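A.B. asks: Here you go, one structure.
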Amino acid sequence: MSDITETTELGDGYDQPNQTVEETVEHGERAVDHDHDDGHWTDLSYIYLAIALAGVTALEVVMSYTIDFWGPMFLPILLLLMLVKFFAVVMFFMHLRFDNRLFSVMFYLGLGLAVTVYTITLFTFKFFSP
């Protein structure tokens with residue numbers, strides 16, 4: 001077995017021991033640059049989003065206790081708030097916004113299939129009939 005301090009002939013500039021290892025380490029340090037902005041949120045941004053989602057949830061709870069006040073607009077407003085919360089959680093907490101687009105496509109195809117099956121089931125049992 002050869003000694004680890006033994007020099008190897010790899011070409012110009014690579015005749016010193018451990019020179020390639022040092023260059024690899026330097027390159028690795030340059031590749032991991034924490035100072036650049038790649039579009040990801042800070043922890044404080046996620047806290048603000050969580051507070052906003054808690055506020056929307058509180059509004060939904062208040063709406064559920066005041067159904068008579070909202071009248072026929074109760075359900076559309078509640079569904080709109082639900083969609084806002086759903087997409088906020090999916091895009092930011094699940095990081096679909098930053099992942100490969102294939103993951104987003106697969107998630108939304110599964111979601112579309114689930115909503116379609118649920119809607120067909122509701123129509124089958126005449127849920128929407130008076």
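A.B. asks: Semi-axes, largest first, in whole Å: what does sqrt of 5 times each Cα gyration tensor eigenvalue give for region 39-98? Numbers along the way, then the final one.
C.D. replies: Values: eigenvalues 154, 30, 7 Å².
So the equivalent ellipsoid measures 28, 12, 6 Å along its semi-axes.
A.B. asks: Along the Cα-to-C-beta direction of Phe127, a point sits 7 Å from the Cα; which residues of region 85-115 have their amide N less than 12 Å from that point?
C.D. replies: The answer is 115.
A.B. asks: Once the piece of chain linking Phe93 and Leu81 is laid out straight, how much longer is it, given 0.36 nm per residue of separation minus the C-alpha distance between them?
C.D. replies: Numbers: separation 12, 0.36 × 12 = 4.32 nm, distance 1.72 nm.
Using 0.36 nm per residue and subtracting the Cα-Cα distance, I get 2.6 nm.
A.B. asks: Please find the FRET efficiency linking Tyr118 to Tyr46, where r is the Cβ-Cβ separation and R0 is fixed at 30 Å, and quote it to the nearest 0.05.
C.D. replies: Values: r = 30 Å, r/R0 = 1.00.
It comes out at approximately 0.50.
A.B. asks: At a 10 angstrom cut-off on C-beta neighbours, averaged per residue, how do the peptides 111-123, 75-87 rank from highest to lowest?
C.D. replies: Numbers: 111-123: 10.4, 75-87: 12.2.
The peptides rank, most packed first, as 75-87, 111-123.
No value in this document is a laboratory result; all are computed from the given coordinates. The structure presented is a predicted model; accordingly, all values stated were derived computationally and were not measured. Here Cβ is always computed from backbone atoms with ideal geometry, including for glycine, and neighbour counts include all displayed protein chains.
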